[in-house]
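The block underneath contains the structure these notes are about, expressed in structure tokens.
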Amino acid sequence: MKALETNISLVKNVAQYTIQENSLSDFDTILNSLNISKGKFVLFFIDDFFKNNLNIYTNRDHAIRYVDTTNEPYTDKINILLSDLISDGINPDAIVAIGGGTTMDTAKAISNLYTNKGNAEDYQGWDLVKVPGIYKIAIPTILGTGAEATRTCVMTNKISGLKLGMNSDHTIYDAIIYDNTLSKTVPKNQYFYTGMDAYIHSFESLSGNYRNIIGDSFSEKSIDLCRKVFLSGDMMSDENRKTLMIASYLGGCAIATSYVGIVHPLSAGLSVVLGIHHCVANCIVMRSMEEYYPVYYKEFWNFVETNQILIPKNVCLNLDESTFDKLYEASIIHEKPLTNALGINFKEILTREKMIKLFKKM
Ligand code: NAD
Ligand code: ZN
């Protein structure tokens, strides 16, 4: 199918970013340079992996909330977190997220809700956030989702089964601090799964029907950098973690101007119905992607082998028909990426039967 050139209108990017090692050891200097002056109150969201092993040197008034990553963000959890913060009397001038996609997305959602009021589920969709949230800074500690660069924060609504973010310019971070010292401790398999999110976003976008030269350029470069990292033989070296940082950023920019493809909708099905985390779910979906993305399929499994990564298997074995129904429903609702990948008749191509065959390969 011929690629359709899409218009790009008024794309917003993160306004400021810095690459700085040991950034937390003199955090006030960074806050000053971002105009978060003395007297301003800073709320930190920190991945609870760092509960006992992270020192932030700041004299600002601040509060810390540790983010439990056992479950990826869901709307009820965000609503409860916000109401607890408000009843604790916390009224931040700036919000800082230190962690992966789960922590960064939690901070984005809370930032928007502080000023827009209401519940997280009210803003799941496109351009529903009316006013800017609280000023927010991302400090990624694991790399690949690009959550630090995108205009969304992904959340599952457990009642409606909808996995969808607050897609809005207001969701974009005001600043990113890339600090290579923070990603050293990521477990190997997790590092691979999250890193592959950048690779997968990018090839889905490059293989789609809706294309534009900016999205393509970001995607191509992100894929190049992923190849460097995942074919090097030491994917977690200092140099490679730095490279993956940039691949993650560019992958995030790519999806801000284009769409993903088939992997993400099926992965959302696995997350919503079986509770499998996003990045490992993407890798599991790759088991059934040979017919759609043959070249990237081959390359992906080569990365897996080169780095000796464990990708879970048979996750859909022994599921009953009603669970397959749920998997189908939770995947097929992702019309934009599926249209991007398969065209407007995607439901005729990706029938329930066909989709179940794909799930059974996982
Ligand atoms: P995550 O934030 O869920 O973290 C994964 C695991 O890595 C956790 O156990 C965490 O504690 C651990 N971890 C993080 N940093 C660590 C470190 N330095 N050392 C040791 N352990 C560390 O994972 P993720 O893969 O970054 O994010 C997944 C989430 O991102 C999903 O909810 C997904 O939907 C979302 N996402 C968002 C966007 C977006 O544009 N907003 C894009 C893609 C994915
Ligand atoms: Zn993703």
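The values are calculated or read from the model by the stated rules, or taken from the named source; none is laboratory data. None of these values were measured; they are calculated from a predicted model. Ligands, DNA and RNA are stripped out before the accessible areas are found, and what is left, the full protein with its side chains, is counted by its heavy atoms. Shrake-Rupley method; radii C 1.70, N 1.55, O 1.52, S 1.80 Å.
Build a GNM of the chain with springs between Cα atoms under 10 Å: which of Ser248, Ser205, Ser25 gets the top mean-square fluctuation?
Of the options given, Ser25 has the highest mean-square fluctuation.
Amide H neighbours of Tyr66 under 5 Å, at least 5 residues apart or on other chains, H built in the peptide plane: list them.
Ile46
For the chain, give the percent of accessible area contributed by carbon and sulfur heavy atoms, probe 1.4 Å, rounded to a whole number.
So the carbon and sulfur contribution to the accessible surface is 50 percent.
Report, as a whole number in µm² per second, the diffusion coefficient that Stokes-Einstein gives for region 216-362 at 25 °C and 0.890 mPa s using the Kirkwood radius over alpha carbon pairs.
151 µm²/s
Regarding region 44-168, what is the average projected area of its C-alpha convex hull, in nm²?
Across all orientations, region 44-168 yields a mean hull projection of 7.6 nm².
In whole percent, what relative contact order does region 153-235 give with Cα contacts below 8 Å and a gap of six or more residues?
Averaging sequence separation for qualifying contacts and normalising by length gives 18 percent for region 153-235.
Keeping all protein chains in place, calculate the accessible area per residue for the chain (probe 1.4 angstrom), answer in Å².
44 Å²
Give me log10 I(q)/I(0) at q = 0.21 Å⁻¹ for region 200-257, Debye formula, one equal scatterer per alpha-carbon, no solvent.
-0.69
If the limit is 26 Å between Cα atoms, which of Lys40/Lys163; Lys12/Lys38; Lys158/Lys360; Lys51/Lys158; Lys38/Lys136; Lys336/Lys361 go over it?
Lys40/Lys163; Lys12/Lys38; Lys51/Lys158
Quick one: what are the phi-derived ³J(HN,Hα) couplings along region 166-172, Karplus 6.51/-1.76/1.60 with θ = phi - 60°, whole Hz, x for glycine and proline?
8, 6, 6, 4, 5, 7, 6
In sequence order, what are the phi-derived ³J(HN,Hα) couplings for region 182-191 according to the Karplus relation 6.51 cos²θ - 1.76 cosθ + 1.60 with θ = phi - 60°, rounded to whole Hz, with x for glycine and proline?
Going residue by residue, I get 7, 9, 4, 8, 5, x, 3, 4, 5, 4 Hz, with x marking Gly and Pro.
Along region 92-107, what does the Karplus equation 6.51 cos²θ - 1.76 cosθ + 1.60 (θ = phi - 60°) give for ³J(HN,Hα), rounded to whole Hz, x for Gly and Pro?
x, 8, 8, 10, 10, 9, 10, x, x, x, 4, 6, 5, 6, 4, 5
For Lys242, list the lysines whose Cα falls under 19 Å from its own Cα; do not include residues on the same chain fewer than 8 positions away.
Lys184, Lys188, Lys221, Lys228
Quick one: which residues, 5 or more positions from Asn157 or on another chain, have an amide H under 5 Å from its amide H? H modelled 1.01 Å from N in the peptide plane, none for Pro or chain starts.
Thr75, Leu162, Lys163, Leu164
Which value at 222 nm does the chain reach when only helices count, each DSSP H run of 4 or more adding -39,500 (n - 2.57), with the total divided by all residues and rounded to the nearest 500 deg cm²/dmol?
One gets -13500 deg cm²/dmol as the mean residue ellipticity at 222 nm.
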